[in-house]
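The values are calculated or read from the model by the stated rules, or taken from the named source; none is laboratory data. Just so you know, these numbers come straight off a predicted model, no measurement behind them. Don't worry about glycine lacking a Cβ; one is built from the backbone with ideal geometry, like all the others, and counts go over all protein chains shown. Heavy atoms of the whole protein, side chains included, go into the accessibility calculation; ligands, DNA and RNA do not. Shrake-Rupley method; radii C 1.70, N 1.55, O 1.52, S 1.80 Å.
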Amino acid sequence: MFAEPQVFVLGRDGIAELLAAAEHDWSLVEPAIFGALLEQALEPVERARLGAHYTPRAYVERLVVETVIAPLRDDWRAVLGAAQQARDGGSARVALALVEAFHIKLCKTRVLDPACGTGNFLHVAQDLMKRLEGEVLETAAELGAVEHFGGFAERGVGPGQFFGIDANRRAVAIADLMLWIGYLQWHLRTRAYAPREPILRKLAQIVPGDALLTWDDWPVPSVEAGREVAPANPRPPPWPEAEFIVGNPPFIGGKDLRRRLGDGYVAALRLAWPQMNESADLVMYWWDRAAALLTAPGTALRRFGFVTTNSITQLFQRRTVERHLDARSPVSLLLAVADHPWTKAGKDAAAVRIAMTVAAAGQHEGRLLEVIAETGLDSDQPQIGFAERAGRINADLTIGADASQARPLLANEALCSPGVKLHGAGFIVSPDAAQALGLGRRPGLEAHIRPYRNGRDLTARPRGALVVDLLGLDAGEVRERFPEVYQHVKLTVKEAKDATGRLVGRDANNRQSYRDLWWVFGEPRRELRPALSGLQRYIATVETAKHRVFQFLDQAILPDNMVIAVALSDAFHLGVLSSHFHAIWSLQQGGTLEDRPRYSKSRCFDPFPFPDATESQKQVIREPAEALDALRKQVLAAHPGLTLTGLYNVHDKIRAGLPLTPGEENLRDRGLVLILGEHHDAIDAAVAAAYGWPADAGAEEVLSRLIALNRERRGEEARGAVRWLRPDYQRPRFGEGGGMGEQVEAAELLSLPTAAAGLPAFPTQPVERVAAVLAVLARGGAPLDAEAIAMQFRQGLKVRPAIRAVLVSLARVGEVSTADGGRRFGRRFAAQG
């Protein structure tokens, strides 16, 4: 920060402002304020390129406590227990040696933030570690440690233990300063003498740089023919060794990487990280690197914790987590918050919600926190209420039935797809424009100008838009048969320009196929079209919507990319998809965008096991499903002011027993919402009967049953028995030997779990013994006696006396408590800052 001082020319007003600021007492300023100041100072374009967001102190502390402080406090509790045992045995010197050894270890503990920004996470980690150090020094003083420790200045937790990398040089300079400010504030609060000079020393371990990529001529990009290309030998750079990694990596979605980072950088990223899915958000590259370091041979890393967007639960992000949770050397999630609010969104800041994950190597249970209340989000003291569950946390950040293990079924193959992706607004035309282009005059054009629906058309009211669909024609055919259309698409798609005259059409697109086939949609969905061919109607749902509603669309309508099309016309399938069972499944599988559920073809439809219903059961489902679809179309046609979203808003309030406003009562009456609810009830009951399951089964039971049924169906398909949803269409294409969809060996599906590994040995060293006892108590949940704890170790009852001694010492230092006179003991304290 001060290595290259610069003198600014100030006028009278500037000098007055500076004088006024200097008259304030800044000694207790919160260093984290610099993060917010820098974020506000960044230009919107630079902030977007860096993916810069700075996390509020309360959220930083929550993650730092779980990642860094919890394991250190566990270590400290074990040392306290062992030291108390030594004191009980009359050896205060041994007790002091144990405490001193822990202090040395604490002063050597390193924390890395590989996307450190202005150092908020490092500052909070230092602050909390200094608090822990204060407790250690107090304990040492009680044991007579003054002459042993030699004073604060000679050894202590300090800025040199905290490592950071960030692409923004200004942020790195502030991070350096922030650590020193926090360190000096702690010194002045706790010491009666001035710190040693020089007071500020440059921290060589807080460095500017790219945490994901380096190459032979880094940071010079490679350019060929005027375009950035992948540089020579791109590779992940080394990260400093540390015991803990914690931070808030950049929020850049996978689909935005090229636009935000450039073609050359993204090409290098693909080469350096071949294991990553191309649709993964940028933050998942940090997650992947930290997980790999966590399980590397001889690693010093104990835990890592990251803030990410809540898209971590969605398919392309989840694959990264899944790969490490299921690896031969696995990691486990110790803490997960799948959907957490963000606060103080500044000017131009993205409106996002976040997730938090903390991981450690090995197989462990974890804590899943669900936000149930949130207040004061725009203040410096946001209040978040949580419900907590314990157990094995799955890759989709759930506990219990692991829906991420569900795999696609051949029975559902090639029936579901997003709609077309235009890549050119000029394809969309109004009815009047379509007539001007020759509709009704040019023979055959009616097959190429079709009704078009996007998500808002389905959830609100249709716009009446049409779309020019030229798939199957070459450019010469279009020019010869439909010259008006040819010229229109050439001007508005191929050669489109923005208001400033800049070329933004297909001619400027990076993808050669988009430039060469400019008259065809960017993604025309060639695989969907044969599935829809011959149907009079098909099922559709909006990909991202507040309510998961399925409806029939006429086959003439072309769906937009944000509409999921299902090439099934039987109302039986509409009923199953509209049921409570599929709603639970899709909500779990699909993830959310902000606070709106998303429907993923690959996670929601492809693995979903439909009931193996008899024909009579199918008919019982068809009747209310047809009635539901007809009722909604009828009331929307009769009342132009109604929308599907409005109908289901009122439907959900009625189901929840909430009072309706007069406007909602009017909507209920005009929209026949009570009858809509009756149709849904009839569908749910009929689908439950088809599955043979209780109609009132809870969400967890439904998920467990569906996951088990998915596994059962995969076993059947591996043996050649496929329950096709549309056998007339699917069997000729995929029925002979499979070849599409995942094939799983039946032996794998039917294999029994392996026997549990043998019990661990009870340790011989005092600190390790205390840690082992505390770990058993933590797993047990309820108070345990020495005998029950002893049976968790290989030596069995032989170590009961030693365990009893550990329990007594832990009770004396307040780490465990007993409510029955010392027979059984339970943990008292959780991790704290």
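The stretch between residue 674 and residue 29 holds 226.4 nm of extra length on full extension. This uses 0.36 nm per residue minus the Cα-Cα distance.
Charged neighbours of residue 136, selected by a Cβ distance under 13 Å, balance to 0 (K, R count +1; D, E count -1). Each Lys and Arg adds +1 at its Cβ and each Asp and Glu adds -1 at its Cβ; summed about the Cα centre, the chain shows a dipole of about 720 debye. Largest to smallest in accessible area, the residues 678, 100, 23 fall in the order 23, 678, 100 (1.4 Å probe, all protein chains included).
Computed extension length for residue 471-residue 508: 11.2 nm, one decimal, from 0.36 nm per residue of separation with the Cα-Cα distance subtracted. Solvent-accessible area assigned to carbon and sulfur over the stretch 603-696 amounts to 57 percent, based on a 1.4 Å probe.
For the peptides 155-166, 287-298, the ranking by packing is 155-166, 287-298, with the highest mean count of neighbouring Cβ atoms within 10 Å listed first. A probe of 1.4 angstrom, applied to the heavy atoms of all protein chains, finds residue 562 with accessible area near 80 square angstrom.
If only the Cβ of Lys and Arg carry +1 and only the Cβ of Asp and Glu carry -1, the dipole of the stretch 358-420 around its Cα centre is close to 320 debye. Measuring nothing but how far apart in sequence close Cα pairs (under 8 Å, 6+ apart) lie, relative to its length, the chain scores a relative contact order of 11 percent. Solvent-accessible surface (1.4 Å probe) assigned to residue 665 amounts to roughly 80 Å². When the Cα positions of 512, 528, 580 are compared along the charge dipole of the stretch 488-583, 512 comes out farthest toward the positive end, with charges on each C-beta of Lys, Arg, Asp and Glu. Taking every DSSP bridge with both residues inside the chain, close to 75 percent are antiparallel. For the stretch 454-513, the solvent-accessible area works out to 56 Å² per residue, with a probe of 1.4 Å and every protein chain left in place. For the stretch 758-829, the per residue solvent-accessible surface stands at 54 Å², with DNA, RNA and ligands left out and a 1.4 Å probe.
Once you sort the root eigenvalues of the Cα gyration tensor of the stretch 582-668 as a ≥ b ≥ c, which label holds: rounded (a/c under 1.5), prolate (a/b larger than b/c) or oblate (the other case)? The shape class here is oblate. Counted residue by residue at 0.36 nm each, then reduced by the alpha carbon distance between them, the extension gain from residue 446 to residue 765 reaches 106.5 nm. Here is the list for the stretch 526-625: GluC sites (Glu not before Pro) lying in DSSP coil, each with at most 16 other C-beta atoms within 10 angstrom of its C-beta, are 527, 594.
Legend: calculated FRET efficiency, residue 554 to residue 263, from the Cβ-Cβ distance at R0 = 56 Å, rounded to 0.05, equals 0.85.
Okay, which of the stretch 224-243 sit inside 19 Å, backbone N to the point 7 Å along the Cα-Cβ direction of residue 271? Zone members listed by number: 224-238. Calculated mean residue ellipticity at 222 nm for the chain: -12500 deg cm²/dmol, from DSSP H runs with n ≥ 4 weighted as -39500 (n - 2.57), summed, divided by the residue count and rounded to 500. Grab the other residues whose beta carbon is less than 12 angstrom from that of residue 505, score K and R as +1, D and E as -1, and report the net. Summing Lys/Arg as +1 and Asp/Glu as -1 gives +3. Taking a point 7 Å from the Cα of residue 460 along the Cα-to-Cβ direction, none of the residues of the stretch 647-675 has its backbone N closer than 14 Å to it.
From the cross-link list 601/653; 546/601; 108/798, which pairs have alpha carbons spaced over 25 Å apart? Pairs exceeding 25 Å: 601/653; 108/798.
Each principal axis of the Cα cloud of the chain was evaluated for its coordinate range; sorted largest first, these ranges are 100, 76, 59 Å. Ordered by 1.4 Å accessible area with all protein chains kept, 488, 573 run largest first as 488, 573. Ordered from largest to smallest accessible area (heavy atoms of protein chains, 1.4 Å probe), the residues 541, 764 come out as 764, 541. Distance distribution P(r), the stretch 353-466, all Cα-Cα pairs, bin width 10 angstrom from 0: 9, 21, 17, 20, 17, 11, 4, 0 percent. What does the accessible area of residue 183 come to, in Å² to the nearest 10, when a probe of 1.4 Å is used? Here the accessible area works out near 50 Å². Tell me, what % of the accessible area of the stretch 507-565 is carbon and sulfur with a 1.4 angstrom probe? Accessible surface attributable to carbon and sulfur in the stretch 507-565 totals 45 percent.
Taking other residues whose beta carbon is less than 11 angstrom from the beta carbon of residue 243, and scoring Lys, Arg as +1 and Asp, Glu as -1, yields +3. Averaged over its residues, the stretch 90-180 has an accessible area of 35 Å² per residue, based on protein heavy atoms and a 1.4 Å probe.
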